[in-house]
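These notes are about the structure you will find just below.
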Amino acid sequence: VCTLFVYSQPLDDACLSYLNNNLTPLIEFEVLKWLKNPTFGLKFLELSRLNLNINHSFWTYNLLIRSFCCMGLYGSARLVFDYMKIDGHLPDSTLLGFLISSFGRAGEFGMARKLLAEVQSDDVMVTIFAVNNLLNMMVKQNNLEEAVSLYKENLGLNFNPDTWTFNILIRGLCRVGKVDQAFEFFNDMRSFGCFPDIVTYNTIINGLCREYEVDRGHSLLNEIRLRDDCAPNVVTYTSVISGYCKLGKMEEASALFDEMMTSGTLPSVVTFNVLIDGFGKVGDMLSAKSLYEKMASFGCIPDVVTFTSLINGYCQIGDVNRSFQLWDAMKVKNVSPNVYTFAITINALCKENRLREACRFLRELQCRNIVPKPFIFNPVIDGFCKAGNLDEANRIVAEMEKKKCDPDKVTFTILIIGHCMKGRMLKAISIFDKMLSVGCPPDDVTVRSLISCLLKAGMPKEAYRISTITS
């Protein structure tokens, strides 16, 4: 049959008559497997539906639908699904879940929602797992409003959400800062017979702390401690500790850290990192160093975030030389610095006018597999411009561009003001024109500074041109 179909198109009446009398659903399913090509399989299915008296089996449709989805041909999969329904077959929950997941992974959320609505009107069982899977993919692909809409649409259609459903929606809402809306779902859980688990609590506590509502997060932590079926874990404590650190409330953060230890919950590397970073930002390097030294006793190995936080702390209190010792410690422990480790150190050196040392770190950065960013180069360029060494500043910009790191608004503004201060007005105008040509819009500081310098230099026409362009 495969040979006839592939090599003898169109089939004559005698051939069609023979197939009509002898082809069974089982043989037809085997034909599709032998053809191996879903496009041929669909053509054979359409031929047999139109010209042969075949009642295709569920497994024929199942095979074709799955094959088309695996190839990314979702329109064809949907067509086969429609043929399946017309021919009197309803999908089982496994095939339906597979289809919905496939559409969701491809971002075809409209197609998935339409499919859900259709099968529910046909009284086909849709598992909560399938709906949750689709909601999860919507949230992951930043289609939060569509996920909330899908949830509300399905509430009246024999859809009973579970704890995972609420966790998905709460996570998505907290991620975009809509904590109050997340709380609405949190409060709705019990009306559906669902109870928040530790994932629910951790998600909403983290969302509150990221929005600086740390006291509310702490209250929820205390609520968990009173429950018999749920207990706070290291993630719960670390979220609230991190919130206090971001607010600079290190006493509260330290007290909660001690409470966590007393409860028998061991800290993680992340817990130590947020505390070290918090102490570093308030200039308490004794406490930061003490925590760093305790890490090993809890089985926590310092990582690049630990060292970067310590380096940042020492740089903030003006002790750049002490931060170099941490660079040495990183080498000994085989911890590679990241883009922020370099940026913090370079910026601190530039503040102390140690531009040559900053250039040494720039060269080391370029030898590593780190994607350079403009904010690393800008302090060095600014330092050389303020020192009147424009040639060196231009050299660094050229090196920056060679590494495919395009100058940003700050870079251009530094260069424009630097050249104006040296009286190189035409060069400053040229840099401004380049800024516009590469699609980097200047801000008010750039425009006002350039116009002011042009007027002082007796170039009102150029000042007027700049003003007209930017307005």
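The values are calculated or read from the model by the stated rules, or taken from the named source; none is laboratory data. Small disclaimer: the values here were computed from a predicted structure and weren't measured. All Cβ positions, even for glycine, are placed from backbone atoms using ideal geometry, and neighbour counts span all protein chains on display. Just the protein is used for accessible areas: all its heavy atoms, side chains included, with ligands, DNA and RNA removed. Shrake-Rupley method; radii C 1.70, N 1.55, O 1.52, S 1.80 Å.
If you count only protein heavy atoms with a 1.4 Å probe, what accessible area per residue comes out for the stretch 215-317, rounded to a whole Å²?
On the way: 4720 Å² over 103 residues.
Here the per-residue accessible area is 46 Å².
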Once you have the Cα-Cα distance between ALA457 and ASN21, take 0.36 nm times their residue separation minus that, and quote the gain in nm to one decimal. 147.2 nm
Once phi is turned into θ = phi - 60°, what whole-Hz ³J(HN,Hα) does the Karplus curve with 6.51, -1.76 and 1.60 give for every residue of the stretch 72-82, x standing for Gly and Pro? x, 9, 6, x, 5, 4, 5, 4, 5, 4, 5
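What part of the accessible area of the stretch 294-368, given as a whole %, is carbon or sulfur when the probe is 1.4 angstrom?
Numbers: 1880 of 3740 Å².
Exposed carbon and sulfur together represent 50 percent of the surface.
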Which part of the stretch 45-60 falls in the paramagnetic zone of ASP12, meaning amide N under 18 Å from the point 7 Å along Cα-to-beta-carbon? none
A correct Karplus calculation of ³J(HN,Hα) over the stretch 59-67, with 6.51 cos²θ - 1.76 cosθ + 1.60, θ = phi - 60°, whole Hz and x for Gly and Pro, returns 5, 5, 5, 4, 4, 5, 4, 5, 5
Once all protein chains are kept in place, SER268 shows an accessible area at probe 1.4 Å, nearest 10 Å², of 40
Have a look at LEU42, ASN321, GLY104 and report the one farthest towards the positive end of the charge dipole of the chain, computed about the Cα centre with Cβ charges (Lys/Arg +1, Asp/Glu -1). ASN321
Can you spot the lysines whose alpha carbon is less than 23 Å from LYS140's alpha carbon? Ignore those fewer than 8 places along the same chain. LYS114, LYS152, LYS178
Mean separation of Cα contacts under 8 Å (at least 6 apart) over the residue count of the chain, i.e. the relative contact order in percent, is 5
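Give me the dipole magnitude in Debye, nearest 20, for the chain about the Cα centre, with unit charges on the beta carbon: positive for Lys and Arg, negative for Asp and Glu.
On the way: 49 positive and 50 negative charges, 482 e Å.
The dipole of the chain has a size of about 2320 debye.
Would you calculate a helix-derived [θ] at 222 nm for the chain, using -39,500 (n - 2.57) for each DSSP H run of n ≥ 4 and dividing by the full residue count, to the nearest 500?
Mean residue ellipticity, 222 nm, calculated: -22500 deg cm²/dmol.
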Cα-based helix-to-principal-axis angle, 128-140 vs the chain, degrees rounded to 10: 30
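Which percent of the accessible heavy-atom area of the stretch 380-454 goes to carbon and sulfur, probe 1.4 angstrom?
Numbers: 1950 of 3630 Å².
Carbon with sulfur: 54 percent of the solvent-accessible area.
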Taking the structure as given and computing percent of Cα pairs over 34 Å apart, which label from (i) 61; (ii) 43; (iii) 35 fits? (i)
For the stretch 354-471, report the accessible area per residue in Å² (1.4 Å probe, heavy atoms, rounded to an integer). 54
Spin-label model distance (nm) - GLU46 vs TYR212, 7 Å beyond Cα toward Cβ: 6.1
Convert each backbone phi in the stretch 279-284 into a coupling constant with the Karplus relation 6.51 cos²θ - 1.76 cosθ + 1.60 (shift: θ = phi - 60°), then list the ³J(HN,Hα) values in order as whole Hz, x for Gly and Pro. 5, x, 6, 9, x, 8
Cut-off under 27 Å on the C-alpha distance; same-chain residues fewer than 8 positions from LYS289 excluded. Which lysines are left, in chain and number order? LYS246, LYS249, LYS281, LYS331, LYS333, LYS351
Expressed as an acute angle from 0 to 90° and rounded to the nearest 10, what is the orientation of the C-alpha long axis of helix 179-188 relative to the principal long axis of the chain? 40
Computed FRET efficiency, Cβ-Cβ of LYS333 and MET261, R0 25 Å: what is it to the nearest 0.05? 0.50
For the ASP228, GLU184 Cβ pair and Förster radius 35 Å, calculated FRET efficiency rounded to 0.05 is 0.85
In degrees, nearest 10, range 0 to 90: what is the angle between the Cα axis of helix 25-35 and the longest Cα principal axis of the chain? 40
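Can you give me the % of accessible surface on the stretch 82-169 that is carbon or sulfur? Probe 1.4 Å, all protein chains present, nothing else counted. Write down the numbers at each step before the final one.
Numbers: 1960 of 3920 Å².
Here it works out to 50 percent.
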From a point 7 Å beyond the Cα of SER149 in the direction of its Cβ, which residues of the stretch 91-111 have a backbone N at a distance under 12 Å? 109-111
